[in-house]
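Below is one structure; the comments refer to it alone.
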Amino acid sequence: MSGYQGKVLRINLSNMTTSVEQLDLNQTELFIGGRGLAGKIIADEVPAGADPLGAENKIIFATGLLTGTSAPTAGRYMVVTKSPLNNTIASSNSGGFWGAELKFAGYDMVIIEGKADKPVYLYINNDQVEIRPADKHWGKWVGEVTDDLIEEVGEPKARVLTIGPAGEKLSLIAAVMNEKDRAAGRTGVGAVMGSKLLKAIVVRGTNKFEVANPDKYKEVISGIMKKIRENGVTGQGLPAYGTAILVNIINESGSLPTKNFQEAYFDEADQTSGEELAEKYLERKDPCFRCPIACGRYCRVDDQEGGGPEYETVWAYGANCGVSDLKAVIKANKMCNEMGLDTISAGATIAAAMELYQRGAIKADEVDGPELAWGSTEAIIEWTKKMGLGEGLGTKLAMGSAKMCEEYGYPELSMTVKKQELPAYDPRGIQGIGLNYATSNRGGCHVRGYLVSPEILGIPEKLDRNSIEGKAEWAKVFQDLTAVVDSMGLCLFTSFALTAQDYVDLHNAATGKDFTVEDILACGDRAWNVERLFNLQEGYTAKDDVLPKRLMKEEIPSGPSQGSISRLEEMLPLYYKARGWDDDGVPTDEKKQSLKI
Ligand code: SF4
């Protein structure tokens, strides 16, 4: 079946029915699979204005074209829905093994609709599909429920995707977790599962499937494996030190946001680096399905062990909260995974709460836990727990920094785009990533176009991080190519080593088609425009393609990027032009026709 299993599982939790549909192969020509295709289905099937936490919203768990094949990193899946955090079209991506297992069970995606009236979980074992009661699992933390469900279904090789207490409590920054510590973290997708009273999806599969041209596929894979091994980032840096290798690199560029972006250089950053982590706490590498890069870390601190932390987490709980104790960051990461919280949004929201406290907006007598003081190791762990469990002031933090800061009368202290917390690169010191942030369809985000790659790492060529020249065109190409990688079910980190032609070669060997680079980038462009149109329909306008005022008006106060501000306003019109949109950021009729949307 040319890379696909050809089947879609549809589950209606309102009337407790399950059905199997054929995958629409005409649509795979246009959207490939994964993020692109699931985004199209959400745009078509979720009515405008639907309550993200209501029965009308749907949530799709989608594998990509290559998920479950022998291509390197081919284990990824997407969670696509309407976001409860910001009403955008949400899509979160996760690695591990769950995505590949779903494909082996015989399905390209699972569409969940409606809403159960009591807690349930879904059990998929090849053709056996059951909606089972989950009353006794409701309230459990991620690690415990994962073990319990594997025991309950009696399949030691089953893979578990679940929400933690945060998703059950409808925290707007709740994640979907798989294999305990892999997360589809962003955009609050865990709350959508929680709203449907769907605790988990347990999957076991043994169905084989074929690519169109197996010999060619093998040949392409052997070529790209060589490139991945020989590339400095994917062959050396990430395997040795994980993503946290970036801590020192980004700090040295003066772009490591510190204390809620009040500063962009953290004196003690090296105490939280990937090098430090590897030396003191790393038990072993923790690769996803068929991944030769193995950036994943498995760490031990005192009596705790578990996956992570990633660079973004080290930053969110480290420099951004003024914390230099890596042990505490590792523990906070573990707490996030157990609660099922997005580590970026959770850490950044605690940082925003610390600034609210610093400015006297949150009063001491309101703080029913550790003092919200910069650098407090106790605070980052305990407030994560209170957010997840929905306790006291933690309930305000659990709604994310945008709502929280608004409630306290300081909306400008929320470092968000479209209400989603920004990740670990200060866009005043890296101009292009600011354009990526501002135009990201799901709100503040680094993995919808990672211009840090050329601007800092020099991949595929070195760009001047302080210049805005050419950044609009680069942003568009990176966004489109990322949508392709997400739709194929591969890890974005492959793009450090591979070219667009490599993805075309994989695609063509798997499907038997003869796409060109232009064709495949058009699929990415199409996915991007469908997402944009969804957001416009939900009331977003060009005014929302913006960065927090601090980043546009306040110069970085010290460090290697001292004096910089974001020049987003100059880049944005050029970006709209590069996209073929009008001056208001709306796709023109001509653009829509050219993309067949
Ligand atoms: S590079 Fe890291 S995140 Fe990507 S598939 Fe490999 S282990 Fe997973």
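The values are calculated or read from the model by the stated rules, or taken from the named source; none is laboratory data. Quick caveat: nothing in here was measured; it's all calculated off a predicted structure. As a convention, Cβ positions derive from the backbone with ideal geometry for all residues, glycine included, and neighbour counts pool all protein chains shown. When the accessible area is computed, the model is the full protein with side chains, heavy atoms only, and any ligands, DNA or RNA have been set aside. Shrake-Rupley method; radii C 1.70, N 1.55, O 1.52, S 1.80 Å.
Where residues in the range 230-264 are outside any helix (DSSP H, G or I) and not polar (S, T, N, Q), which of them is nearest to ARG550 (Cα to Cα)?
So the first thing to find is which residues in the range 230-264 are outside any helix (DSSP H, G or I), and the list is 231, 242, 253-264.
After this cut, where a residue has to be not polar (S, T, N, Q) as well, the list is 242, 254, 256-257, 259, 261, 263-264.
Values: GLY242: 31, GLY254: 16, LEU256: 15, PRO257: 12, LYS259: 13, PHE261: 8, GLU263: 11, ALA264: 12 Å.
Across the range 230-264, the extreme among qualifying residues is PHE261.
Based on this model, can you work out whether VAL79 counts as assigned to a strand (DSSP E or B) and away from the ligand (no atom under 16 Å from the Cβ)?
Criteria not met by VAL79.
Could you pull out the residue among ALA74, ALA48, ALA38 that is open to solvent by 10 Å² or more (accessible area, probe 1.4 Å) and in contact (Cβ under 8 Å) with a residue 12 or more places away in the chain?
When all the criteria are applied, what remains is ALA48.
Scan the range 128-161 residue by residue and report those that are in contact with a His (Cβ under 8 Å, 6 or more places away or on another chain) and under 23 Å from MET78 (Cβ atoms).
Passing the criteria: VAL145, LEU149.
Would you be able to tell me the number of residues in the range 1-35 that are in a loop (DSSP other than H, G, I, E, B) and open to solvent by 50 Å² or more (accessible area, probe 1.4 Å)?
Selection size over the range 1-35: 5.
Can you work out which of the residues in the range 82-107 that are within 12 Å of the ligand (Cβ to nearest atom) and of a type in the set (Gly, Ala, Ser) is surrounded by the most Cβ atoms within 10 Å (Cβ to Cβ)?
GLY99
For every residue, the table says whether it meets (1) closer than 27 Å to PRO548 by Cβ; (2) surrounded by 21 or more Cβ atoms within 10 Å (Cβ to Cβ); (3) more than 16 Å from the chain's Cα centre (by Cα).
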residue	(1), (2), (3)
GLU407	yes, no, yes
LYS418	yes, yes, no
PRO423	yes, yes, no
PRO427	yes, yes, yes
GLY432	yes, yes, yes
SER467	yes, no, yes
GLN479	yes, yes, no
GLN501	no, no, yes
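Would you check if there is a residue in the range 587-595 being assigned to a loop (DSSP other than H, G, I, E, B), in the same structural domain as GLN537 (by the TED database) and over 27 Å from ARG465 (Cβ atoms)?
For the range 587-595, residues assigned to a loop (DSSP other than H, G, I, E, B), in the same structural domain as GLN537 (by the TED database) and over 27 Å from ARG465 (Cβ atoms): present.
Looking only at helices (runs of 4 or more DSSP H) that fall completely inside the range 384-451, which ones have 2 or more residues that are over 19 Å from ARG567 (Cβ atoms)? Steps first, answer last, please.
On the way: elements: 394-397, 401-407, 431-439.
In the range 384-451, the matching helices (runs of 4 or more DSSP H) lie at 394-397, 401-407.
For every residue, the table says whether it meets (1) over 27 Å from GLY400 (Cα atoms); (2) aromatic (Phe, Trp, Tyr); (3) part of a strand (DSSP E or B).
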{"site": "ILE60", "(1), (2), (3)": "no, no, yes"}
{"site": "PRO72", "(1), (2), (3)": "yes, no, no"}
{"site": "LYS115", "(1), (2), (3)": "no, no, no"}
{"site": "LEU122", "(1), (2), (3)": "yes, no, yes"}
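Give me the helices (runs of 4 or more DSSP H) completely within the range 483-578, filtered to those with at least 1 residues that are of a type in the set (Gly, Ala, Ser), ordered by residue number. It would help to see each step written out before you state the result.
Working: elements: 500-511, 517-537, 549-553.
Those helices (runs of 4 or more DSSP H) span 500-511, 517-537.
Limited to the range 503-517, what total is found for residues that are in contact (Cβ under 8 Å) with a residue 60 or more places away in the chain and open to solvent by less than 10 Å² (accessible area, probe 1.4 Å)?
Residues meeting the conditions: 4.
Looking only at the range 210-226, count how many residues are away from the ligand (no atom under 14 Å from the Cβ), open to solvent by 40 Å² or more (accessible area, probe 1.4 Å) and either out of contact with any helix residue (DSSP H, G or I) (no Cβ under 6 Å at 6 or more places or on another chain) or in the same structural domain as VAL120 (by the TED database) (or both).
Residues flagged as away from the ligand (no atom under 14 Å from the Cβ), open to solvent by 40 Å² or more (accessible area, probe 1.4 Å) and either out of contact with any helix residue (DSSP H, G or I) (no Cβ under 6 Å at 6 or more places or on another chain) or in the same structural domain as VAL120 (by the TED database) (or both) within the range 210-226 amount to 7.
Only one of these conditions is not met by ALA361: (1) more than 16 Å from the ligand (Cβ to nearest atom); (2) within 22 Å of PHE97 (Cβ to Cβ); (3) out of contact with any helix residue (DSSP H, G or I) (no Cβ under 6 Å at 6 or more places or on another chain); (4) of a type in the set (Gly, Ala, Ser). Which number is it?
Status for ALA361: all satisfied but (2).
Which of the residues belonging to the range 372-383 are among the hydroxyl-bearing types (Ser, Thr, Tyr) and either more than 26 Å from the chain's Cα centre (by Cα) or not in a helix (DSSP H, G or I) (or both)? Before you say what the answer is, go through the steps one by one.
Here is the first cut: in the range 372-383, the ones among the hydroxyl-bearing types (Ser, Thr, Tyr) are 376-377.
Across the range 372-383, the qualifying residue is only SER376.
For the range 550-590, give me each residue that is among the charged types (D, E, K, R) and either at pLDDT below 95 or open to solvent by less than 10 Å² (accessible area, probe 1.4 Å) (or both). Don't jump to the end; show me each part of the working.
First pass over the range 550-590, keeping only residues among the charged types (D, E, K, R): 550, 553-555, 567, 569-570, 577, 579, 582-584, 589-590.
Result: ARG579, single match.
Of the conditions (1) more than 24 Å from the chain's Cα centre (by Cα); (2) away from the ligand (no atom under 16 Å from the Cβ); (3) surrounded by fewer than 24 Cβ atoms within 10 Å (Cβ to Cβ); (4) not in a loop (DSSP other than H, G, I, E, B), MET354 fails just one. Which one is it?
(3)
Considering every residue within the range 172-187, establish whether at least one is in contact with a Leu (Cβ under 7 Å, 6 or more places away or on another chain), surrounded by fewer than 24 Cβ atoms within 10 Å (Cβ to Cβ) and assigned to a loop (DSSP other than H, G, I, E, B).
no
Residue-wise test of (1) more than 20 Å from GLY64 (Cβ to Cβ); (2) small (Gly, Ala, Ser); (3) within 16 Å of the ligand (Cβ to nearest atom).
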| position | (1), (2), (3) |
| --- | --- |
| CYS491 | no, no, yes |
| SER495 | no, yes, yes |
| ALA510 | no, yes, no |
| ASP525 | no, no, no |
| GLU531 | no, no, no |
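Name every residue in the range 231-269 that is surrounded by fewer than 19 Cβ atoms within 10 Å (Cβ to Cβ) and away from the ligand (no atom under 16 Å from the Cβ), in order of residue number.
ASN248, ILE249, GLU252, LYS259, ASP267, GLU268, listed by residue number.
Are there any pairs, at least 6 apart or on different chains, whose C-beta atoms fall under 9 Å, with the first in the range 288-300 and β-branched (Val, Ile, Thr) and the second open to solvent by less than 30 Å² (accessible area, probe 1.4 Å) and in a loop (DSSP other than H, G, I, E, B), and if so, which?
These pairs meet every condition: ILE293/PRO72; ILE293/THR73; ILE293/CYS491; ILE293/ALA497.
Please go through (1) among the polar types (S, T, N, Q); (2) over 30 Å from LEU547 (Cα atoms); (3) crowded, with 17+ Cβ neighbours inside 10 Å for THR272 and return the number of the only condition it doesn't satisfy.
Against the list (1) among the polar types (S, T, N, Q); (2) over 30 Å from LEU547 (Cα atoms); (3) crowded, with 17+ Cβ neighbours inside 10 Å, THR272 comes up short only on (2).
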